[in-house]
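The values are calculated or read from the model by the stated rules, or taken from the named source; none is laboratory data. Bear in mind that the values here come from a model prediction, so they are computed numbers and not experimental data. Counting neighbours? That spans all protein chains shown, and the Cβs are built from the backbone with ideal geometry, glycine included.
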Amino acid sequence: MKKISISTRSRTELIDVTHQVAQAVKEMGISDGICYVFVPHTTAGIIINENADPSVGKDILMELNKLIPLDDGYSHLEGNAAAHIKASIVGSSVTVLVEGGRLCLGTWQGIFFCEFDGPRSRQVWVKVTPDGPSGGHIG
Ligand code: ZN
């Protein structure tokens, strides 16, 4: 498993980590398999969406912030209940197929780390499970 370290700069922020994940996959030297990208945090998440136009990420963040306000009479007294809820909604992992040592992402797709309670030091864990000896084919 490879661990990618990220330093976030704002309370809420989307950070394109596609390149770092692709690099980690390359370093693992597994040409074909399944790549798991996991965020070990309760107030951050990970998504796959458009990274060609940066305004898409901005809009996703804006609407999440509207949907889940910072203060809303929450029970959790740590002051970051909104971040826990946003992290639950977006999820803590994504899966991408790997072929020829490369991530199989759509033309417009990128992998975004989602900070909801920054700024903090964060991690993204990457693991590739190689295809079996038959390359996944039966017979
Ligand atoms: Zn908390």
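Within the stretch 4-17, is even one residue surrounded by fewer than 17 Cβ atoms within 10 Å (Cβ to Cβ), within 30 Å of Pro130 (Cβ to Cβ) and among the charged types (D, E, K, R)? Within the stretch 4-17 (the criterion being surrounded by fewer than 17 Cβ atoms within 10 Å (Cβ to Cβ), within 30 Å of Pro130 (Cβ to Cβ) and among the charged types (D, E, K, R)), the answer is yes, since at least one residue qualifies. In the stretch 27-52, the residue that is farthest from His76 (Cα to Cα) out of those that are acidic (Asp, Glu) and out of contact with any Phe, Trp or Tyr (no Cβ under 9 Å at 6 or more places or on another chain) is Asp32.
Would you check if there is a residue in the stretch 93-108 being surrounded by 13 or more Cβ atoms within 10 Å (Cβ to Cβ), aromatic (Phe, Trp, Tyr) and modelled with pLDDT of 95 or more? So far as the stretch 93-108 goes, no, none of its residues is surrounded by 13 or more Cβ atoms within 10 Å (Cβ to Cβ), aromatic (Phe, Trp, Tyr) and modelled with pLDDT of 95 or more.
In the stretch 49-61, the residues that are within 16 Å of Thr107 (Cβ to Cβ) form Cβ pairs under 7 Å with partners that are among the hydroxyl-bearing types (Ser, Thr, Tyr) and part of a helix (DSSP H, G or I), at six or more places apart or across chains, as follows: Asn51/Thr18.
Scanning the stretch 11-27 for residues that are over 13 Å from the mean Cα position of the chain (by Cα) and either within 18 Å of His84 (Cβ to Cβ) or assigned to a strand (DSSP E or B) (or both) returns Arg11, Thr12. Of all the residues in the stretch 6-24, those that are closer than 11 Å to Val126 by Cα and polar (S, T, N, Q) number 2. Of the residues screened, Ile68 is not one that is of a type in the set (Val, Ile, Thr) and in contact with a Leu (Cβ under 9 Å, 6 or more places away or on another chain).
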